[in-house]
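K.L.:
There's a structure below that I have some questions on.
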Amino acid sequence: MSKRALQTDLLVVGGGLGGVAAALTAARLGIGVVLAERSDWLGGQLTTQAVPPDEHRWIESELGSASYRELRETIRAHYRRLYPLTPGAAVDPRLNPGRGNVSALCHEPRVGALAIEELLSAHLASGAITVLREHDVVNVERHDRQITGVRLRSRGGDTVDVSARLVADATEEGDLLEQAGLFYTIGAESHDETGELHAPAEPDPRDQQAVTWCVALEYREGEDHTIDRPAGYEHWRDTVDPRWPGPQLSWKDIVPDTGEVRWRPLFAHSPEHAVHTGADDLWHYRRILSRHNLDPSFPGGEITLANWPQIDYWERPLLGVSSQEREQALAEARSLTRSFVYWMQTEAPRHDGGTGYPELRPRGDVMGTSDGLAKEAYIRESRRIRPLFQVTEAHIGVEMRGPGVGSALFDDTVGIGHYRIDLHPSTAGRGYVDIDCFPFQIPLGALIPVDADNLVAANKNIGTTHIANGAYRLHPVEWSIGEAVGALAAQVAETAQTPAQLRADPTSLHRLQRRLRDELGVTLEWPDDIRTGRSTS
């Protein structure tokens, strides 16, 4: 086992979308980066967690982030170069490989990981970015308000001690906040704390959104790919949560924004019909490879990605609990997903009146695993910093602000985003919170903690409330948060200011915003007709 030490301008811990964007941006602006990730893949929720991008309706326009558009186009280019597309699909400027309902770019997680490697490739070759894969943080050294070092350990036991001018916590769950002994919040704040319309009456750290262990499934006509009956199958098949219309192993679930019970089967018609027509069924919802786009000679079948309410795991929280309870929760989340796959293969009502779809084949190869499940659980909620400025429902919620008012404007904006305030059922017994919000800005003050001078948040751990996190947690927003951190790191390296000092100095703040807008192609404010909801096109 070896030991080594590295010194760098920016240490990014966590290789999700925020971490990748931070590293890529910083390297393009000329500073050195060490990027540490616990998995062998980069990409976080897009790849290791296997969630096709949840995006806003303007994502194909010039509004947003030029580098996020570059990521999307790199994914599309992979399919155009290497897959036997139909002539129509090959020239479609908005190619959607899976033609899934949830996104304009439903694709295989494996391809997302390859696209990220392509974006980083030249910077890895030049040494501008050093990537430490399969490395975990084992210690964070802190002196007063300064992070003075981070020790990482590889799977083989080798250690790397990294010191950096700026440290970005881009982990999926805000791990560095706890390891550094910084202030953080988990779960839900109370109405008295935040004044939010949808906040609970009492604070509850165990009120954490459900996690989901996604799985990729291919339909293979005439074949039998039934998995072994999972341990604990009867629990998931028979247990009825008071919030739910029946057992989770069912085609029955709840419409998030209305609470209505719905019946949404795997196929609305037949698997053959699903290839060329759309439908509001589970197969089309997050389909990641569509045969409609492929030449008839392609030997493979269609693939969908199961990230559905039926496999939302809400029995135990992951944060603020013992390591044993956390591991039990993750094991139960995997058990729920495997049980749902087995139920679909053996007991689920079929479109043709029969029972079970043994034709469903788990596709681990597109997930980087052997069993078809994602490398990691999909995490919707993290520890959150105590920030210089906290984003709340009052800044973005339509109901709270009033129709046509628009989201709050932030003088320290470093990016934009939009998604509904979407909170899945929680580990405290709360059901869906799914409410409309205005297109919003990302304030720099929400990325900077009150109790550290050289650490910033670069993922879902920014200073939102539990409620506002429901809108700020999705793919393009996380990317924009990371991009802002990368630009911030470059300016910190040039000026020796702390992030808080930079934000407090109008000249320095405006310089950062000009760099984001003019050099990096980042939109910092929505057109007013979009921000206020007067335009939806």
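The values are calculated or read from the model by the stated rules, or taken from the named source; none is laboratory data. Every value quoted in this text rests on a predicted model; they were computed, and no experiment measured them. Here the Cβ is made from the backbone with ideal geometry for all residues, glycine too, and neighbour counts use every protein chain on show. Surface accessibility is based on the protein's heavy atoms, side chains included, excluding ligands, DNA and RNA. Shrake-Rupley method; radii C 1.70, N 1.55, O 1.52, S 1.80 Å.
K.L.:
Please list, ordered by chain and number, the residues whose modelled amide H lies under 5 Å from the amide H of L6; skip anything fewer than 5 residues away on the same chain.
P.N.:
Amide H neighbours of L6: D161, V162, S163.
K.L.:
Whenever you get a sec, compute what percent of the accessible area on the stretch 264-318 sits on carbon and sulfur atoms (1.4 Å probe).
P.N.:
54 percent
K.L.:
Further question: For the charge dipole of the stretch 218-326, defined by +1 on Lys and Arg C-beta atoms and -1 on Asp and Glu C-beta atoms about the Cα centroid, which residue among T258, T277, P230 has the Cα displaced farthest towards the positive pole?
P.N.:
Highest projection toward the positive end goes to T258.
K.L.:
Kirkwood hydrodynamic radius, the stretch 380-537, all distinct C-alpha pairs: what's the number in Å?
P.N.:
After inverting the pairwise mean of 1/r, the radius is 15.9 Å.
K.L.:
Compute the semi-axes of the equivalent ellipsoid of the stretch 24-149, taking the square root of 5 times each eigenvalue of the Cα gyration tensor, and list them largest first in whole Å.
P.N.:
Three semi-axes, in Å: 32, 16, 15.
K.L.:
Could you give the alpha-carbon Rg of the stretch 455-537 over 2.2 N^0.38 Å, rounded to two decimals?
P.N.:
Dividing the Cα Rg of the stretch 455-537 by 2.2 N^0.38 Å gives 1.22.
K.L.:
Here's something else I'd like to know. Could you tell me the calculated FRET efficiency between V138 and A231, based on Cβ-Cβ distance and R0 = 25 angstrom, to the nearest 0.05?
P.N.:
Result of the calculation: an efficiency of 0.20.
K.L.:
When the distances between all Cα atoms of the chain are binned every 20 Å from zero, what whole-number percent does each bin get?
P.N.:
22, 57, 20, 0
K.L.:
Please list, short to long, the whole-number percent of alpha-carbon pairs of the stretch 1-83 in consecutive 10 angstrom bins beginning at zero.
P.N.:
Pairs per bin, as whole percents: 14, 38, 34, 10, 3, 0.
K.L.:
In Å², and per residue, what accessible area does the stretch 465-526 have when probed at 1.4 Å with the other protein chains present?
P.N.:
29 Å²
K.L.:
State the answer as a single residue: which of V13, L409, A201 lies farthest towards the positive end of the charge dipole of the chain, with beta carbon charges of +1 for Lys and Arg and -1 for Asp and Glu, about the Cα centre.
P.N.:
Farthest towards the positive end: V13.
K.L.:
Which value results when the Cα radius of gyration for the stretch 70-127 is divided by 2.2 N^0.38 Å?
P.N.:
The value comes to 1.21.
K.L.:
Tell me the per residue accessible area of the stretch 344-456 using a 1.4 Å probe; a whole number in Å² is fine.
P.N.:
Per-residue accessible area for the stretch 344-456 comes out at 29 Å².
K.L.:
For E223 and S190, compute 0.36 nm times the residue count separating them, minus their Cα-Cα distance, and round to one decimal in nm.
P.N.:
6.7 nm
K.L.:
Okay, moving on. Compute the length gained on full extension between D411 and R155: take 0.36 nm times their separation in residues and subtract their Cα-Cα distance, giving the result in nm to one decimal.
P.N.:
87.8 nm
K.L.:
Let me ask something else. Each label point is 7 Å from the Cα along the Cα-to-Cβ direction; what then is the distance between the points at T86 and A122, in nm?
P.N.:
Each label point lies 7 Å from its Cα, and together they span 3.6 nm.
K.L.:
Now for a different question. Under the rule of -39500 (n - 2.57) per DSSP H run of 4 or more residues, summed and divided by the residues of the chain, what mean residue ellipticity at 222 nm is obtained, to the nearest 500 deg cm²/dmol?
P.N.:
Estimated from H runs of four or more residues: -8000 deg cm²/dmol.
K.L.:
Using a simple charge model, +1 on the beta-carbon of Lys and Arg, -1 on the beta-carbon of Asp and Glu, nothing else, what dipole does the stretch 230-325 show about its Cα centre, in debye to the nearest 20?
P.N.:
The dipole magnitude comes to about 80 debye.
K.L.:
Relative contact order of the chain, please, whole-number percent, based on alpha carbon pairs below 8 angstrom and at least 6 residues apart.
P.N.:
Normalised by residue count, the contact order of the chain is 22 percent.
K.L.:
So what J values fall out for the stretch 134-139 if you push phi through Karplus, 6.51 cos²θ - 1.76 cosθ + 1.60 with θ = phi - 60°, rounded to Hz, Gly and Pro as x?
P.N.:
With coefficients 6.51, -1.76 and 1.60, one gets 6, 10, 10, 6, 10, 7 Hz.
K.L.:
Points 7 angstrom from Cα along the Cβ direction at E327 and E60: gap in nanometres?
P.N.:
Each label point lies 7 Å from its Cα, and together they span 4.8 nm.
K.L.:
Let me ask you something else. Rolling a 1.4 angstrom probe over the protein chains, ignoring ligands and nucleic acids, what is the accessible area of K460 in square angstrom, nearest 10?
P.N.:
Its heavy atoms expose roughly 10 Å² to the probe.
K.L.:
Please give the charge dipole size of the chain, origin at the Cα centre, charges +1 on K and R Cβ atoms and -1 on D and E Cβ atoms. Round to the nearest 20 debye.
P.N.:
900 debye
K.L.:
For the stretch 72-197, what is the accessible area per residue in Å², given a 1.4 Å probe and the full set of protein chains?
P.N.:
Here the residues of the stretch 72-197 average 43 Å² of exposed surface.
K.L.:
May I pose another question? Roughly what would the spin-label model give for S2 and A504, points 7 Å off Cα along C-beta, in nm?
P.N.:
For S2 paired with A504, the spin-label model returns 4.3 nm.
K.L.:
Next question, about the same structure. Assign one of three labels to the stretch 410-481, namely rounded, prolate or oblate, based on the Cα gyration tensor with a ≥ b ≥ c the square roots of its eigenvalues; rounded applies when a/c is under 1.5, prolate when it is not and a/b is larger than b/c, and oblate otherwise.
P.N.:
In terms of gyration-tensor shape, oblate.
K.L.:
Considering amide H positions built from the backbone, and no H for Pro or chain starts, which residues 5 or more places from T413, or on another chain, come under 5 Å of its amide H?
P.N.:
Amide H neighbours of T413: L444.
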